[in-house]
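K.L.:
Below: one structure in structure tokens.
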Amino acid sequence: FLSRRDSMMLLPVVLLLFGGASVTEGFPAVTARTSLHHRPQQSSCLYVSSEEDEATSSLTQEQPTENTSTEPVQMPRIENQRRSSNEPSPLDLMRAMGTSPRRVFLSVLTSTFIAFAANFFGVTSNLLSTLPESFAEKTGLDQFYPRGDYKRVTVRGDVGQGKCSFVIPKDWVADTSLALAQAQRRAKVLDYSMKPDQMGVLPDAAYGPPGKTDRQGLSNRETNVSVIINGVKDFTLKGTLGSDPKAAAEILLSNKFGPRRPTTLISSFEEIRGENNIPIYQFEYTVDRGDRAPPLHAISVIAGSAAGDAFVTLTVVSLDRAWTGQADDSLRQIAKSFKLV
């Protein structure tokens with residue numbers, strides 16, 4: 001029904017609708033051309049993406065490099081913190097040793113008390129040396145521990161209220177022969193056949209250097225300090241011996257009361273001592289013993305008790321040649337420190 005021209009025009013439409021080899025064969029060139037046209041764009045996109053990946057990977061690689069550069073500074077700190085946290089605390093160490101802070105405190109306190117009580121390395125004596133002498137004397141600690149180079153002794157008589165104190169060198173000791181003689185005297189009191197005059201006069205206390213000679217060269221046989229406390233009635237220093245210290249010294253050094261050897265008075269004076277303001281007489285003299293022995297040098301201090309029932313005498317004696325240098329200072333310090341208490 002169609003003309004030849006019309007049928008030729010409709011042929012491509014029919015082929016397109018029903019498909020066939022001839023239909024697809026006409027388009028491959030176009031399709032291939034189109035795909036080739038688009039491939040460079042796809043490859044360029046892939047290239048761009050690969051560059052971004054490489055840039056990102058380079059950044060990620062550079063970042064650890066910066067971190068690794070700071071790690072050597074930070075890691076030791078962390079290790080130190082870990083080590084310090086792992087170290088045991090003092091309380092852990094005490095528990096490991098089976099002790100506690102309370103036990104440590106009590107041990108230190110006890111050790112300190114023992115050190116002071118035993119005068120370990122002279123720590124108590126050094127402490128007393130820093131304190132005032134009046135304070136150390138009131139506490140009585142200077143009677144048990146030396147204060148500097150001296151220690152204090154207190155002597156009290158058998159009768160009356162006579163009691164005195166004075167200092168002696170710290171290495172001096174009590175006279176053991178005197179203690180023996182006093183014990184013998186107490187034993188002979190029961191022997192009524194002995195007269196009181198035969199017993200003699202014994203000091204109430206005596207001290208001297210230990211051994212034959214001390215570190216200053218003083219002999220214990222001729223160097224000592226002794227105290228005699230006599231019980232009397234209504235005794236006053238000025239009322240009984242007079243108000244002149246020199247006259248009182250001459251009376252006591254006479255043959256009637258003093259040594260039966262020639263004496264020479266060097267000096268005498270009066271002084272107020274002690275908390276009770278009790279007057280004392282002090283006089284210095286020498287004793288000539290002739291050709292048998294070298295002369296002696298002595299200082300005597302006398303005082304009467306406040307109640308008037310005791311007459312107290314302290315005498316420091318040594319060889320005349322020993323009263324020089326440090327020995328002279330030590331002997332004079334004994335007489336200077338004497339007082340009634």
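K.L.:
Which of the peptides 304-310, 92-98, 314-320 is most tightly packed, and how do the rest follow, judged by the mean count of other Cβ atoms within 10 Å per residue?
P.N.:
Working: 304-310: 18.7, 92-98: 10.7, 314-320: 20.9.
Descending packing order for the listed peptides: 314-320, 304-310, 92-98.
K.L.:
Could you give the alpha-carbon Rg of region 244-337 over 2.2 N^0.38 Å, rounded to two decimals?
P.N.:
1.13
K.L.:
Based on the mean of other beta carbon atoms within 10 Å per residue, what is the order of 223-229, 248-254, 333-339, 122-128, most packed first?
P.N.:
The packing order, highest mean first, is 223-229, 333-339, 248-254, 122-128.
Throughout, read-outs are computed from the coordinates displayed, never taken from laboratory work. As the structure is a computational prediction, the values presented were derived from the model and not from experiment. Backbone-built Cβ (ideal geometry, glycine too); neighbour counts: all protein chains shown.
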